[in-house]
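Notes follow once the structure below has been shown.
Just so you know, all these numbers are worked out from the coordinates, no wet-lab data involved. Quick caveat: nothing in here was measured; it's all calculated off a predicted structure. Glycine also receives a Cβ, built like all others from the backbone with ideal geometry; neighbour counts cover every protein chain displayed.
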Amino acid sequence: MSSTSSAGVRGPGSPTVSQLSGVSSGRHRPPTFSAVPRPRGRDLSAPELETFVAELADRPELWVHLVQHDSTQRHYEELLRDEHLTAWLICWLEDHDTGFHDHDVSSGAVAVVSGAVREERLVIEGPSRDRTLCAGETFHFSPSDIHRVTHAGSGPAVSLHVYSPPLLRMGAYVIGEDGLLGRRPMSDLEELRQLERPPAS
């Protein structure tokens, strides 16, 4: 059964990336990801990942220097990988679209730190399930959830994504001309994008 997703750990109105870029650690030691609190020695649940990604979003000194935008594709940077967790920074511009996908055996959570993104769940029958999330909002998902994330709004967006166990494989989905739903296995190193619909056989 899919876990219940949530949004709004932090309210909208968070600083923009341009404001965050002025963050400095001063004379303190350089910040490290080990300073971000999380359960240790085991995989994290989806709600625990959402708590962790919200904490990570509140520490821009760890990731803001990696923000950059590319109009041809999403720019993404792996921030952290260990035996229980992976974390990524993803930068979005207009028309960037992951297509529908799952995360194999990994649960995940997302924090929007600048701009806005739209999340849409795959629905076969019934009303659509989609929402737009703005800076300061978060959500989580289970391995069984199939969703799609796209850029929303008029300006660039930046989001943080965390997965446990570490994300190694994904599945990308497309509905063929014959109406059949197909899944294409993918490595975590491949860029997710909306797949072309295959011709009916």
hull vol. (C-alpha, convex hull) per residue for region 17-187, Å³ -> 121
Per the 1/(1 + (r/R0)^6) rule, R0 = 35 Å and r from the Cβ atoms of V105 and H65, FRET efficiency to 0.05 is 0.65
Just order 47-56, 81-90 by mean Cβ neighbour count inside 10 Å, highest at the front, would you?
-> 47-56, 81-90
What shape does region 64-147 have by the C-alpha gyration tensor, where a ≥ b ≥ c are the square roots of the eigenvalues, rounded means a/c under 1.5, and otherwise prolate means a/b greater than b/c and oblate the rest?
-> oblate
How much net charge surrounds V105 when only other residues with a Cβ under 13 Å from its Cβ are counted (Lys, Arg +1; Asp, Glu -1)?
-> -4
